[in-house]
Every structure is written in C-alpha cells, then in structure tokens.
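S.K.: Quick one: the structure is below, and I'll ask about it shortly.
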Amino acid sequence: MTVWRAPPPWTVPLMLALLAAPTQAARDVGPQRECATCHVMWLKDFNRDDVTPLIPYEPKPVTESGRQDAASTERMCFSCHDGFMLDSRSVWANKQHEHPVGMKPSDKIRIPTSGGKVVFPLNDDGKMYCGTCHTAHGVNWDQKESPVFLRVKNVDSSLCLACHLDRSTGPAEGNHPIFKALGSPPEALMAAGARVGRKQDVICQSCHRVHGATQKQMLVLDNRDSKLCAACHADKSEIANTKHDLSVMAPQARNRLNQSPAESGPCGVCHVPHGGNGPALWARLAPPASADATAAACLACHNPEGLAKHKLTGAHTHPVNVSVTDVGITPTGQGWVTRFTDALNGGKLAALPLFDRKGMRDRLGTQVGCGTCHDPHRWSPSGDARAPDPRKIEGGPKDSFLRLALDEDGSLCVNCHVDKRTVATSPHNLAAAKDQNAASGLCQSCHQVHDAKGKYLWTRADGPGKGITEVRCTSCHREGGVAAKKLTGAHSHPVGVRLARSMQPKLPLFGADGAAKKQIDCGTCHDVHRWDPNNIAPPPGAKNKGDARTSFLRKAAAPNGELCIECHVEQRFVRGTDHDLAVTAPDSVNALGQSAAQSGVCGQCHAVHNAADARRLWARAPGDGADDPARRCTSCHAAGKTAAAKVPPETRHPAGVMVWADAVRARFGADIRAVLPVFDANGNRGIERGTITCPTCHEPHRWNARAAEEGAGKNLEGDVRNSFLRAPDTEHVVCADCHGKDALFRYKYFHSKAAHRSYPLFR
Amino acid sequence: MRPARRRNRLSTRRWLAALLAVGTAAAGAAEIATAPIKHLYDLTRGSEGALSLPSDVAVSDAGRVYVVDSGHHRVAAFDRAGKPLFTVGQPGAAAAQFRNPVGIGVDDNGWFYVADKDNHRIQAFDGDGRWQRSIAVTVEGKPAAPIDVAADRQGRLYVTTNNHRVLVYDAQGRLLRQWGGEGSNEGEFRYPATVALDRAGLIYVVDVLNTRVQAFDAGGKFIIGVGEWGVLPGQFVRPKGVATDARGRVYVADSYLDVIEVFDEQRHFMYVLGQSGKPQRFVSAGGIALDSAGRLYVAEMLKHQVSVYELGP
C-alpha cells in the first residue's frame, strides 16, 4: 500500500493494519535504506514467504561481465547514471569501445596490491567488472580533484597507470610520451572528451576514454585517417599524398602490427603509440643492424631490401651521428649559435632538430640525424602544393622532404656549414656565374648529399693528381674542365707530399683514410668556399682577378706572405729587407705580371702556380749565369733589371773548384758553425760536393745572419756583416779550408777583382 | 491549451481491488497481480539512424511520437505507425542542438519541448521540428539542469531539475513559481525525474531516490504520494517514468525492477503490466507516454528502443 494522503475514512483502519509498518519503513531514509539503494538484495522482503517480489532474489547474478554482486552490476550502475540523476550515458552510448569487462586481465597486467589485498579486485569469475575500478565506498577526495566512485584517485591518469605501467615507459621503450606539455590542448581532442593532466600535459586520457569512446582502442577520435594523431601533431598531416604516404606509394605494405596503410592510417604506417621500435615509436620492420641510431628509422625502408630500395643514400653520403659542434654550431635553448659570426654576417640560423647519440630527439642535443635535414612528413619546405600523384614525381633540391631548400643560397647546407656561406660571393658559385655546368643550388655543383661519387660528397668525376683534395680541384681545374682557364701550370707547388717535420702549419693537412694527416694538398692553402680570407663579401668585379690576397687562400699571401710562412718559417725574415720588392722595387712585376702588392713579398720571386721555372717555383725570368742558382739571382741583379744597382763585378767562385758540402766536412771533423751549401750544375743542393755559387754564401731571405729579424723596411747599403750573408763571420766556414787566413780577405772582397787573382791561395 | 498527453484517460479501478490483491498476496506467496498488454512494434531507428539510449518519449494529439535519442543528442520523430519522420538536433549548444537531453513533453498545439540538460535550457519546436524558442533554466540565478518538461492546457511548462526543484514557466517562458528542494519530506525531492499531468491538472513528479511519485496541484501544493521503497508490487527501486490515463490511473516505470506498475485513481497499486503473474520486462525503462488511443510507449534505454504496446481494456 502506498498512500500518504489520508485515505477515505472507511479504509483507514484497514490501511493501518496492513500497511503501517512497511510504509513507515519506506519513509525511513536511514543508513540501512541508503545501503540498500544499491544492495537491493539485502532487503528482507526477499526472505518472506507471503509475497512475491517483482524481481527474483539473485545476490550474485551472472551478467555479461560474469558472476558478481548484484550491487555492482552494470544495471545497478546505470539505474543511477542514466541521466535522470547522474549522467554517465556516454559510457553506455558507445559501449562497444569501452574498457573491457568480462575478461580476465592479460598477463601484461600487474594489478597492484595494498596491505595484502589487490587494489583492483576481479569478480567471482576472475574477470574485470565495473567494481574492478569503481566503488561507491570510501572515497576521500573531491569530485573536482578526481572522479569519485573510483577505487584510486585518477589524477593525471594515475589509476590507469597503476595497471598499465608497461604503456607508460616513454619513447625509450617505444611508448608515446606522457606528462609532456601540450601547450594549449587541441580543441578537437577536448571536444571529443579527452583530458589533459594538471600541467596541461599528455596523459592516458588524452587519447583514450575508458568509457564513452567512439573508436577502437578506446580512442577519443577516429584514427583510421590518423585524425587523433593529427589533433596534436597537426604539422605532420602534410604527409598525405606525398611519397611517404604509403597508402599511395605502397598500399600493400604492412606495419609491425600487420596493418595495411588503409587500416593503420598514414601515421600508423610508420608509428605506433605503444610497442614501437625505438624512440620514433617505429612501426616498421627493424632497420639493418648496422644502421646508426640517428638514421635507423629511415633505413628501415631505405635499404636494399626495404620498401624504398630505389632511394638509397649510397656509399658516400652525409654522415649522421656527428656533432654540429664540429662545424662550429652550439645549440642553445634560444636557438643555434655559430662561431663563424663573420660568415653569418648578421643572419640567423634555423634550429633544426638534433638528437642524442641514441637517436632520441633532443632539444639540446648535438648529433645530426636524417631528421636534421629531412622532415619526413612534409614534402616541401615551402609548403607548395603537392603533386596530384606522388608516384609520378621525382624529388628535387627544393622538396624531397627537406626542412630547408637546397636553393641558390644553399639554405639547408649553410645552416650548419656557416663558414661555407662565403662561397656564394665567390667564383666557385657556378650558379651565380651562370656556368652551364652549374647545378640549380649553391652547393650541388660540387657536392651531392647522398649517393655522391666520392669523398667530400663530391659530385664530379675526379681529375688528375695524387692529392686527396687535388683530384677534386682538378675535376674542374684541368684541361677541358669547367675551370680550364684556371690551371696551376707546369710548375706548381707540390701537393700530395708529406711535409717536413719542421713544418707545422696551422693549416689543414691531409692523408688517406685511416692514415695520419700530414700531407700538403690544395686544401692546405685554399679554402674553396671563401674567396677572400680578409673580406666576407669582396667588392663586385674583384673576385675574378685573383692574386695573393684572395684566390680562395686560407690566409693572404700578400703583402706579407702570411700564408707562405706558415710552412716556410725561416723565410719570414725577408720581409722588409732589400729582397722585399715592396720596399726596394714596388713597381716591379713578376713573370705573372703581378706587382709586389698583388703577389706579396714571396710572390715576386716565387709563383705557387704557373711558375716560370720549376726550381724554386721561380717567378721571374732567369738571367745569365754559370749555374742555375746564379741565373735566379741575375733575374734581378743584372743590368737593366730590378737590382741593376746591385750587380757585383765578379759574381762567382771559380767554376772548376769543387768543395765538400758541410755535411761531409763535419764527418772530417770540421767545426760547422754556419752551413754553406754547395750546388751541382743543375743547382741542386744536398750533394756531397759541388761548386760554390751565389746561395752558397747568401741566404736571400735574411739580411743579417746575426739577427733573426725582418728588414728595416728601407733600402739599405749592405756590408760584410749583413748583405744576406749566411755566415756571421769567416771562421769555421768552408772558405778557410782552402784559403786559410787569406779567407778573410777573399771573403770580404769576394765580388772585387782583387779577390780573384790568378794565383791560388790554398792553405 | 489542452493538457499534455500524459493524463488520465482510462477508467478507474477501485480501492478495494487493490486491497484484495494485496490481501491475496498476504495469504502466501501470491502471484503478482498483472494486466496484459499487447506488443505492437518497436521504434529502433529514426530517420538518421538507430536510436541510442532513448530516454523519454512523448506523443502529440496528432499521433506524432517524439523520442529523445539521448545517445545521439537529438530527437527523432515518428508517425503513429512507427515510420520515421525527421530528426532534430546534434551535439552542441546552438539553437536546435543538444547536450545530453533527457526528457520531452508535448503541448496541445503539437509543439514538443526538450529538456536540454547540459545546455541548461528547454528548447521548443513545432510539430514539424522547427525550432521556436529556448528557455534558460536557472535556479536562484544559477543555471540548472532540466530533466523533464510537461505542458498543461494553459501552456504552462513544468520542469524538473536535477537540483531537486520543479519550475513552472508560462507560455512565454517566464518563471511563474517553483517548489522543491533536496529532502524526503512532502514537496521535497531527491532527484526528480519525469513529470506528467493528469486530466485534472495534477502534476505527477517521479522522485527517484525517495522512490515515490509525488502529485501536486498547479500551485505546487502537495496532494498525494504514490509508491514506496521496496521490491514488492506497489514499491519502487528506481522509478523514472510516469504517465496517466484518461481514467486517472498512474503508470510508473521502474528502471531497475524493469516493470511498469499501475495505480488507480486513488493512487493504490493495481497491477503490474504483464501476464499470468509474470511482469512484462522493460529494460531500463526511462520515460513513458500514453496516447489517446490507449497505446503505451516505453523508452527502454539499454535496449536502445521505444516499445509500443496496446493496453488492455
């Protein structure tokens, strides 16, 4: 009986007799009644024999999720959460994609325990059910903090992680990162019911909805087209209809979950959020074992057996897992900084992705990987419209998934190789020179990043030569080559030879792979990317008239011979002496037509390339003389020539006299204080015996044997104490071997007729 | 304006019948008093697709059936034969969009009103589904979530809210009065659910956690209560739906017991719909409605359908 209003008078006694007690019980909203709100089976009416309840007594009904207490069946939950009281209808509206119940946990699940009891109990059949995660009892937090009726507070998906620890290990173990800041949560995700952590970071519920998910795997969004991925990784969505869109390029391909591109979506072809291979959550087969970690993902397809076997990097390819610090780059939190600030010339560097040595992308990492230059999700850095059919296009220097274009400015290359930017304003910029052999970009005329022909990623056929860099230079600088007008000539500075130990230049030396780098080569003196060592941008028109100040020299050889004296240290004292033609004959020109200012102090007498004579790379027209060394001296010291005022009346020692070289004299016990070389008829020194000629007594690079110093910078009249004489005195020199004490006289007046009397003055 | 469809139409049983039924049961494990119904058809698909968690149903004088397809945040309309006519709404907060709608009612003009719960408003549509207006639901200046709505003959709207109130609006949407509050005394509620009016203009409000139906006059004065806590005939565990027939009987659907219990015009338990002592089961019944032809419409939420029956004489 269910009446609270006063019944008709005649019914009152009967009503009271029959129903007073039950009615009073129904009105009693006490603790017992509150418990029975869910624990209906506790009602005593089920034990009565005189009534038939509207539902059978089933304290442990078998439901879809198994046998369990009636109070924790879904039906009981829904009876309050159906929208009329509390509202969890979304749980049931998309019930096919909710967290599984009625299943036993897989062996991957480790249900935590507390005080010897499992925190998340299973039902009587050992299966998951609503009560595994939920309880109406004993919550001690506020709804704002975490949903109530959960067994454990679910802050930042802590409840999920309690069982699914294996899914939370981060990229190092192939899992999508969690607790990574999202910035502003994507609207599409939030509208679909996703949640973010307290710090606006990624949590399990950012992608999964335990209840009410509309998609498989409890995903908040349909991910067949990778829409879920794109909600956060919107910048990756441009992969569609590119050569990396395997649904177009390789629809038959399968990822490691054996899904086709159509099944996995464009992202799932290569990445899986859980169980991926490596930090990129890689979903494809493992790369070759030899693959470097920073290239492993790419090489999984770009290998001879892979899906992209026609797009290989070749034997000569840009290295990976090398540090950008090697090229002067320092990554910082504010971007990249270069030590080549002059070459950067006020420009700014793009902070390209870098990695740690294990291939993990690292904001402050230093290692270069494939992903440093390539954005595999974006065909063109300019964002140009993609071709309608990626199968029919071929990548070029301005697309090919490059992060920056290989354009006329070499944007991508010079972002790291900052010091090479200067090639743009040099004659080596073939594109700018409109050379018919030029490639479209700044760097590609000489270099090919992948599948190059040789060392230095060289894109041209090697030319003649034995030097490591020489053969690259002669690719162009050879007869018939692109730079046929710029050859080194028959007489040129040697390359491909080992430097003397005494020479320790602060210049690059070279050696075969694995060998010590001790050879001089073209690259020792030349920086092929910079025309002028002292100027970033040479004046227009000046660059094609190279001389010792420019010409891609690493250091200027003019005016002071800075480059030359890196190796030829002892010759540095020639500067400022009478043999510095900038001092004594500034208007003179060498055989190449260069003035002293153009050639530098060394270049007036020596030509590194295209020398007039092989010996000493002589840069002047030889004069007359009995031997080769003498003819070099008479290049200037002759009538009508530069040093016409310094022509001795007698020029040489008697030709028939052969003397021991100092090395031999030393073996005889001579006290050698100053080496006076002797020469054969061809001007070669180092022989055991030879004739005495000009350089026997003169060291043309040092004015004063007593003083290791440069010249005074003015034309001086010399005497026996200087005048480029090798020996500081006449003692202990070869002269005395024959001339005894008379040697002083003959030494002092060597170039006068008096010293050359016809009678011999042997000791 | 005529009263809403949920009103008394069928003839009245006597108090004594109920007493006899109870008396018979008391004699020892008596079978449950039942009255047969005839199944006609089920509404499972609207014009836009399958229904999901239909939470309430209303029938206009013209015979149009409006179902809150709550899982899809929309309303599906059918003709009397069960043919889908149109669908209104999608998730959202704009006009003619819904967020977790629950209840629905019709007025004598054939308009239907939707309790747009999480948008905190009642939305009104004409019989063809054209949006007419929206009424913001607030209690003490704060948005409140409407659960159900019913209209009387004067066009007044009676709205239940999940903060335990009944609000009354005039036809223009102006709040006329309100009553309720959380509690278990007369006139108080613990989660009022559906609301229906009888031919006399009494307002019946299902009071879920108090496991009863309370009847009020138009001024909000408590008149009578129906039902009580328990699992026996005449008792409720989770009452949700309520409707009245022309005879003044009150039909109450229980979403846990899965039955519809019928009370006579004196609000005494008469029987459970079913046959031969076996109740007809309605799976998680939400709102129910009766039409002028004696058809019963039951929103079976977890069956994702509205079941249509013909009541017995």
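S.K.: What spacing in nm lies between the two simple spin-label points modelled at residue B:221 and residue A:461, each 7 Å away from Cα in the Cβ direction?
M.R.: Going from the residue B:221 label point to the residue A:461 one covers 11.3 nm.
S.K.: Between residue B:190 and residue A:224, take the C-beta separation as r, use R0 = 35 Å, and let me know the FRET efficiency to the nearest 0.05.
M.R.: Numbers: r = 45 Å, r/R0 = 1.28.
Here the calculated transfer efficiency is 0.20.
S.K.: In terms of modelled amide H atoms, which long-range or inter-chain residues lie less than 5 Å from the amide H of residue A:82?
M.R.: Counting only residues 5 or more places away or on other chains, the set is A:88.
S.K.: The stretch B:109-192: which trypsin sites (Lys or Arg not before Pro) are DSSP loop and have at most 14 other beta-carbon atoms within 10 angstrom?
M.R.: Values: sites: B:117, B:121, B:130, B:133, B:153, B:156, B:165, B:174, B:177, B:190; in loops: B:130, B:153, B:156, B:174, B:190.
Qualifying residues, ordered by number: B:130, B:174.
S.K.: So, one more: Only helices at least 18 Å long along their axis, Cα-based, and averaging 0.0 or more on Kyte-Doolittle count here, so list those DSSP H runs from chain A.
M.R.: The answer, listed by residue number, is A:12-27.
S.K.: OK, next. List residues of the stretch A:496-536, by number, whose backbone nitrogen lies under 17 Å from a label position 7 Å along Cα→C-beta of residue A:315.
M.R.: Answer for this model: A:512-514.
S.K.: Beyond a 31 Å Cα-Cα separation, which of these cross-linked pairs lie in this structure: A:227/A:453; A:420/A:485; A:311/A:517; A:434/A:518; B:38/B:221; A:236/A:358? Let's see the in-between values first.
M.R.: Working: A:227/A:453 43 Å; A:420/A:485 24 Å; A:311/A:517 34 Å; A:434/A:518 37 Å; B:38/B:221 37 Å; A:236/A:358 23 Å.
Going by Cα-Cα distance, A:227/A:453; A:311/A:517; A:434/A:518; B:38/B:221 fall outside the 31 Å limit.
S.K.: Same structure again: Enumerate the calculated ³J(HN,Hα) couplings along the stretch B:169-181 in order (Karplus 6.51 cos²θ - 1.76 cosθ + 1.60, θ = phi - 60°), each rounded to whole Hz, writing x wherever the residue is Gly or Pro.
M.R.: 10, 7, 5, 8, x, 8, 6, 9, 6, 7, 8, x, x
S.K.: Still on this structure: At 0.36 nm per residue, minus the direct Cα-Cα distance, what do residue A:330 and residue A:108 gain on full extension? Give it in nm, one decimal, please.
M.R.: Details: separation 222, 0.36 × 222 = 79.92 nm, distance 4.34 nm.
Between residue A:330 and residue A:108, full extension yields an extra 75.6 nm.
S.K.: Now, a different point. What Kirkwood hydrodynamic radius do you get for the stretch A:169-254 when you take the inverse of the mean 1/r over all pairs of distinct Cα atoms, in Å?
M.R.: Numbers: mean 1/r = 0.0712 Å⁻¹.
Here the Kirkwood hydrodynamic radius works out to 14.0 Å.
S.K.: Something else now. Pulled fully out, how much extra length does the chain show between residue A:57 and residue A:357, if you take 0.36 nm times their separation in residues and subtract their Cα-Cα distance?
M.R.: Result for the pair: 101.4 nm of gain on full extension.
S.K.: Sticking with this one: Under 5 Å between amide H atoms, partner at least 5 residues away or on a different chain: which partners does residue B:259 have, H built in plane at 1.01 Å?
M.R.: B:254, B:282
S.K.: For the stretch B:54-167, give the percent of accessible area contributed by carbon and sulfur heavy atoms, probe 1.4 Å, rounded to a whole number. Don't jump to the answer; show the numbers that get you there.
M.R.: Values: 1580 of 3610 Å².
Carbon plus sulfur share of accessible area: 44 percent.
S.K.: While we're here: Could you work out Rg/(2.2 N^0.38 Å) for the protein assembly as shown, with Rg from alpha carbons only? Before the final figure, lay out the partial values.
M.R.: Values: Rg = 50.6 Å, N = 1076, 2.2 N^0.38 = 31.2 Å.
So the Cα radius of gyration is 1.62 times the expected 2.2 N^0.38 Å.
S.K.: Count, for each residue of A:37-49, the Cβ atoms from other chains sitting within 10 Å of its Cβ, then give me the mean as a whole number.
M.R.: Values: counts 6, 2, 0, 6, 1, 0, 6, 1, 4, 2, 0, 5, 2.
Counting other chains' Cβ atoms within 10 Å and averaging over A:37-49 gives 3.
S.K.: I'd like the accessible area for residue A:633, computed on protein heavy atoms only with a 1.4 Å probe and all protein chains in place. Round to 10 Å², please.
M.R.: Accessible area of residue A:633: about 50 Å².
S.K.: Next question, about the same structure. Pop out a list of residues from the stretch B:223-244 that are at least 30 Å² less accessible with all the protein chains around than in their chain alone; 1.4 Å probe, no ligands or nucleic acids counted.
M.R.: By number: B:223, B:224, B:225, B:227, B:228, B:229, B:231, B:232, B:238, B:240.
S.K.: At 0.36 nm per residue, and after removing the present C-alpha to C-alpha distance, how many nm does the segment from residue A:150 to residue A:341 gain when stretched out fully?
M.R.: Working: separation 191, 0.36 × 191 = 68.76 nm, distance 5.96 nm.
That pair, residue A:150 and residue A:341, stretches by 62.8 nm at full extension.
S.K.: As a test of the definition: with a 1.4 Å probe, what buried accessible area, both sides summed, do you compute for A against B, in Å² to the nearest 100?
M.R.: Details: alone 42680 and 12310 Å², together 50000 Å².
When A and B are taken together, about 5000 Å² of accessible area is lost.
S.K.: Next question, about the same structure. Using a cut-off of 16 Å between alpha-carbon atoms, which aspartates and glutamates can reach residue B:117, once sequence neighbours fewer than 8 places away in the same chain are excluded?
M.R.: A:82, A:87, B:56, B:69, B:148
S.K.: Here is a follow-up. Output wanted: per-residue J couplings in Hz (rounded whole) for the stretch A:633-639, from phi through Karplus 6.51 cos²θ - 1.76 cosθ + 1.60, θ = phi - 60°, x for Gly and Pro.
M.R.: 5, 6, 4, 10, 7, 8, 4
S.K.: Pull up all non-local amide H partners of residue B:86: gap of 5 or more, or a different chain, and H-to-H distance under 5 Å with H placed in the peptide plane.
M.R.: The answer is B:47, B:77.
S.K.: Another question, then. Give me the distance in nm between label points sitting 7 Å out from Cα along the Cα-to-Cβ direction at residue A:513 and residue B:172, one decimal.
M.R.: The answer from the label model is 9.2 nm.
S.K.: On to the next question. At R0 = 22 Å, how high is the FRET efficiency between residue A:536 and residue A:323 if r is their beta carbon distance? Nearest 0.05 is fine. Let's see the in-between values first.
M.R.: Details: r = 25 Å, r/R0 = 1.16.
Using R0 = 22 Å, I get an efficiency of 0.30.
S.K.: Further, regarding this structure: Sorted by accessible area with a 1.4 angstrom probe, largest first, how do A:744, A:281, A:299 fall?
M.R.: Working: A:744 100, A:281 20, A:299 40 Å².
Order by accessible area, largest first: A:744, A:299, A:281.
S.K.: If you don't mind, another one. Using a ≥ b ≥ c from the Cα gyration tensor of the stretch B:134-255 (square roots of the eigenvalues), is it rounded, prolate or oblate, where a/c under 1.5 gives rounded and otherwise the larger of a/b and b/c decides, a/b for prolate? Provide the component values of the computation, followed by the final result.
M.R.: Working: a/c = 1.98, a/b = 1.35, b/c = 1.46.
Cα axes put the stretch B:134-255 in the oblate bin.
S.K.: Label-point separation (nm) for residue A:308 and residue B:86, each offset 7 Å from Cα along Cα-to-Cβ?
M.R.: For residue A:308 paired with residue B:86, the spin-label model returns 5.4 nm.
S.K.: Rounded to the nearest 10 Å², what accessible area does residue B:128 show when all protein chains are kept and the probe is 1.4 Å?
M.R.: Surface open to solvent at residue B:128 totals about 80 Å².
S.K.: In square angstrom, rounded to the nearest 10, how much accessible surface does residue A:316 have for a 1.4 Å probe?
M.R.: 70
S.K.: Now for a different question. Among the listed pairs A:545/A:646; A:95/A:144; A:180/A:243, which are separated by more than 28 Å between their Cα atoms? Don't jump to the answer; show the numbers that get you there.
M.R.: Numbers: A:545/A:646 33 Å; A:95/A:144 25 Å; A:180/A:243 30 Å.
Beyond 28 Å between Cα atoms: A:545/A:646; A:180/A:243.
S.K.: Could you give me the ³J(HN,Hα) list for the stretch A:101-116, computed from phi with Karplus coefficients 6.51, -1.76, 1.60 and θ = phi - 60°, whole Hz, x at Gly and Pro?
M.R.: Per residue, the Karplus-derived 3J(HN,Hα) values read 10, x, 10, 7, x, 5, 5, 7, 8, 10, 6, x, 10, 8, x, x Hz.
S.K.: Same structure, new question: Loop-only GluC sites (Glu not before Pro) in the stretch A:618-720, please: DSSP not H, G, I, E or B, and at most 15 other Cβ atoms within 10 Å.
M.R.: On the way: sites: A:650, A:688, A:709, A:710, A:717; in loops: A:650, A:688, A:709, A:710, A:717.
Qualifying residues, ordered by number: A:650, A:688, A:709, A:717.
S.K.: Averaged over peptide B:50-56, how many Cβ atoms belonging to another chain are found within 10 Å of each residue's Cβ?
M.R.: On the way: counts 0, 0, 5, 8, 0, 4, 2.
Average neighbour count from other chains, rounded to a whole number: 3.
S.K.: So if we plug the beta-carbon distance of residue A:668 and residue A:615 into 1/(1 + (r/R0)^6) with R0 = 25 Å, what FRET efficiency do we get, rounded to 0.05? Let's see the in-between values first.
M.R.: Values: r = 29 Å, r/R0 = 1.17.
It comes to 0.30.
The values are calculated or read from the model by the stated rules, or taken from the named source; none is laboratory data. Nothing here was measured: the structure is a model prediction, and the numbers come from that model. Every residue, glycine among them, receives a Cβ derived from its backbone with ideal geometry; neighbour counts consider all protein chains shown. Quick note on the areas: whole protein, heavy atoms, side chains included, nothing else; ligands and nucleic acids left out. Shrake-Rupley method; radii C 1.70, N 1.55, O 1.52, S 1.80 Å.
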